[in-house]
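No value in this document is a laboratory result; all are computed from the given coordinates. The structure displayed is predicted, hence computed values, not measured ones. For neighbour counting, all protein chains shown are included, and Cβ atoms are generated from backbone atoms with ideal geometry for every residue, glycine included.
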Amino acid sequence: MKTLTNNKQNNSVEENVLGSLILNTKEAAEYLRGKGYPVSPKTLEVWRCTSRGPKYRKIGRRVFYTPKDLEDFLEGIPVQVIDPSRQSVRPKKC
């Protein structure tokens with residue numbers, strides 16, 4: 001892996017052989033905060049232990065996140081809210 005340096009914040013961001021960025025826990029938390037989702041590195045650690053939060057990869061003891069997985073997490077799962085008072089008794093025919 002090669003290391004890239006971000007000139008704005010002087011953070012080191014690793015890039016894998018395929019060219020996709022990988023972030024450690026602290027960098028992932030900063031990425032999410034930058035997108036308006038306030039989360040701490042400790043929160044990400046708790047989420048990993050409780051099978052919640054964004055997807056991550058583990059190599060040995062090291063944990064990595066990709067920006068795509070963080071973006072997918074921010075998009076969330078679409079939820080359709082149904083108001084029972086507005087539903088008709090019979091389903092409508094198309």
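Here are a few things to note about the model shown:
- Cα-projected label distance for E75 with R33, points at 7 Å along beta-carbon direction, nm: 2.6 nm
- Modelled spin labels at K68 and E45, positioned 7 Å past Cα toward Cβ, are 2.9 nm from each other.
- Near G53: Cβ cut-off under 11 Å, other residues only, Lys/Arg at +1 and Asp/Glu at -1. The net charge is +1.
- Summed side-chain charge close to V63 - residues other than V63 whose Cβ falls under 9 Å, Lys, Arg +1, Asp, Glu -1: +4
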